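J.: Here it is, the structure, as structure tokens.
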Amino acid sequence: MYTTLISVQQLKELQASGQAYKVFDCSCDLMKPEMADVMFETARIQGAHQAHLDRHLSTHKATAMNGGRHPLPARETVAAWLASLGFQNHMQAVVYDRNGANYCGRLWWMLKWLGHDAVAVLDGGLQAWQAAGGALDVGPASPATTGAPAFELKPALREWVSTAQLAPQIGHPNLTLIDARGAARYRGEMEPIDPVAGHIPGALNRPFNENLTAEGFFKSPELLRAEFDTILAGREPASVVHHCGSGVSAVPNLLAMELAGLGVTRLYPGSWSEWCNTPGLPCAKS
């Protein structure tokens, strides 16, 4: 069972082993969501299913559990979608994108949230798979499976916090916020998406792409540990809550802390897009 990362070679071995598995392509373009379909149909790992950020990994219903630009769907909704693809509880899930692990972490976290531990991010993404000569598919997605067995929900393996839970804790020593957005957005020098520039008061900044090498692979656990130890500066890893613009690119930081041996941390899925749109909440620039 792979629960954090899986290498290209390990995925090839998994394919040859006869073990039940599913691969999910989470590639996306935040500024042009329609490009997700184009990328998927242009090239994907053989047999991969599409996991679209807006259609499958977010909801836009007024009854959403959290706000922001990419609210979490209900667990039951995600389970029904997985079942429609033939994904079952005994299967290994492999998630990837071609965007530096920016989007596939969302499904990695969501499967953990559904209680499914056997999910791993393909290290190096589609680029590494192509470089190793991995088999590809092109064209439209396969139709959904009819009459597939249900995907059974289990107790959540990852936790998230709401704005209502987070706001009263701002400034308390038992809370450490880590913001995964780029430094200029964090400092409030520019904001291309949300109506307010800046960050949640007290948040630390760790752009998500700093977890990767120049070649697009996750850094070694030892290096990640050293870098997060520097950021935390003595703060307890268990106090960390990760966020970004809309709860998507924060997940690579969460995954990196697990790779570094710093334990399981929490996600604020509403992130800056919910925080800065909530009346009365403080916003900082620096």
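J.: If you check residue 89 against the conditions, is it part of a loop (DSSP other than H, G, I, E, B) and surrounded by fewer than 21 Cβ atoms within 10 Å (Cβ to Cβ)? Explain how you work it out, then say what you get.
T.: Working: part of a loop (DSSP other than H, G, I, E, B): yes; surrounded by fewer than 21 Cβ atoms within 10 Å (Cβ to Cβ): yes.
Spelling it out, residue 89 is indeed part of a loop (DSSP other than H, G, I, E, B) and surrounded by fewer than 21 Cβ atoms within 10 Å (Cβ to Cβ).
J.: Okay, moving on. Looking only at segment 28-43, which residues are out of contact with any helix residue (DSSP H, G or I) (no Cβ under 6 Å at 6 or more places or on another chain) and either more than 21 Å from residue 136 (Cβ to Cβ) or in contact (Cβ under 8 Å) with a residue 40 or more places away in the chain (or both)?
T.: Across segment 28-43, the qualifying residues are 30, 31, 32, 33, 34, 39, 40, 41, 42, 43.
J.: Looking at residue 68 and the list (1) surrounded by 23 or more Cβ atoms within 10 Å (Cβ to Cβ); (2) under 23 Å from residue 140 (Cα atoms), which single condition is not satisfied?
T.: Unmet for residue 68, out of (1) surrounded by 23 or more Cβ atoms within 10 Å (Cβ to Cβ); (2) under 23 Å from residue 140 (Cα atoms): (2).
J.: Only one residue in 231, 200 is in contact with a strand residue (DSSP E or B) (Cβ under 7 Å, 6 or more places away or on another chain) and buried (at least 18 other Cβ atoms within 10 Å of the Cβ). Which one?
T.: On the way: 231 fails: buried (at least 18 other Cβ atoms within 10 Å of the Cβ).
Answer to the selection: 200.
J.: Which of the numbered conditions does residue 165 fail, given that it passes all the others? Conditions: (1) without any contact (Cβ under 8 Å) to a residue 12 or more places away in the chain; (2) surrounded by fewer than 12 Cβ atoms within 10 Å (Cβ to Cβ); (3) of a type outside the set (Asp, Glu).
T.: (2)
J.: Say we look at segment 123-179 and pick out the residues that are within 17 Å of residue 49 (Cα to Cα) and among the small types (Gly, Ala, Ser); which of these is modelled with the lowest pLDDT?
T.: Ranking the candidates gives 144 first.
J.: For the subset of segment 60-102 comprising residues that are closer than 20 Å to residue 1 by Cβ and among the polar types (S, T, N, Q), which member is nearest to the chain's Cα centre (by Cα)?
T.: Checking each candidate, the answer is 92.
J.: Go through the residues of segment 226-234 one by one and say whether even a single one is within 20 Å of the chain's Cα centre (by Cα) and within 26 Å of residue 111 (Cα to Cα).
T.: yes
J.: May I ask you to list the residues in segment 138-153 that are exposed (fewer than 12 other Cβ atoms within 10 Å of the Cβ) and either in contact (Cβ under 8 Å) with a residue 24 or more places away in the chain or under 22 Å from residue 73 (Cα atoms) (or both)?
T.: So the first thing to find is which residues in segment 138-153 are exposed (fewer than 12 other Cβ atoms within 10 Å of the Cβ), and the list is 138-140, 143, 146-147, 149-150.
Result: 138, 139, 140, 143, 146, 149, 150.
The values are calculated or read from the model by the stated rules, or taken from the named source; none is laboratory data. Here the structure is a predicted model, which is why all the values come from computation and not from measurement. Counting neighbours? That spans all protein chains shown, and the Cβs are built from the backbone with ideal geometry, glycine included.
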